[in-house]
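Readers should treat all values here as calculations from the given coordinates under stated rules, not as data from a laboratory. These numbers come from a predicted model, not from an experiment. Cβ: placed from backbone, ideal geometry, glycine included. Neighbour counts: every protein chain shown.
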Amino acid sequence: MKVLITAGPTREAIDPARFISNYSSGKMGYALADACVHSGLEVLLISGPTQLEVPINCDYIAVESAQEMYEAVEQHIVDCDVAIFSAAVADYTYKTPATQKIKKKEDSLVLELEKTKDILGSARNTFNFTGLLIGFAAETEKLVANARTKLEIKGCDLIVANDISRKDSGFNVDNNQAYLITSKTEQELPLLSKKALALAITQWIKKRLS
Ligand code: PMT
């Protein structure tokens, strides 16, 4: 059985020196890759830039931008039985990245952003993926309700909902507090290490595959 996992942040270029990104460290996605490898699944990790070591026995594709992540997923998802989208993909990218460093001239600078492609949202309709589809929801309010909407709109089998307004959970820390949400069930997990949460998600996958 083969699992595709997206992880980490994306970087959207402004000019050769600057980019738009977010606080994702990749820890959640890499913990998932490690847990999946250890439970006997074949893993392809598609990751934005992180400081982490790639877990052993994983196939790995390094990407930078949301568009690069989209293209890597588009190319490989058809070969996979499970896809887990834990990456914090930029929702907007800079429309016209400068080829030269932007000089400090005016008092204010307006950057026009345009929407990136929704990679998870493309899995069912555009990539025709029929395997087990797991998304994440990073929310600061109405955690469960917003996550449930994402579950339905994006055609997921499971959404892992985490509250990113907490200091001890979510972005760039070792722990995460999450809900596992399906169309019929909702399980609130305690604050766990990302390794333990990854294990819980992997166990959910194994149960669904068996
Ligand atoms: O990397 P860490 O520091 O360990 O932090 C972990 C995490 C907080 C990044 C992770 O647990 C998490 O919540 N990942 C999802 C972050 C996110 O972008 O959530 P979202 O609610 O904005 O997006 C919903 C889903 O759509 C996610 O599965 C996301 O990967 C996917 N998405 C979003 C936008 C886009 N253009 N393409 C996507 O595939």
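When ALA90, ALA83 are screened for being touching a residue at least 60 places away in the same chain (Cβ under 8 Å), part of a strand (DSSP E or B) and surrounded by 15 or more Cβ atoms within 10 Å (Cβ to Cβ), only ALA83 passes. Residue count for the stretch 166-210 satisfying the condition of being touching a strand residue (DSSP E or B) at 6+ places or on another chain (Cβ under 8 Å) and small (Gly, Ala, Ser): 5. The criterion of at least 3 residues that are surrounded by 18 or more Cβ atoms within 10 Å (Cβ to Cβ) is met, among strands (runs of 3 or more DSSP E) falling completely within the stretch 1-78, by 2-7, 42-47. Considering the stretch 82-138, and only residues there that are farther than 30 Å from ALA35 by Cβ and of a type in the set (A, V, I, L, M, F, W, C), the residue that is nearest to the ligand (Cβ to nearest atom) turns out to be LEU113.
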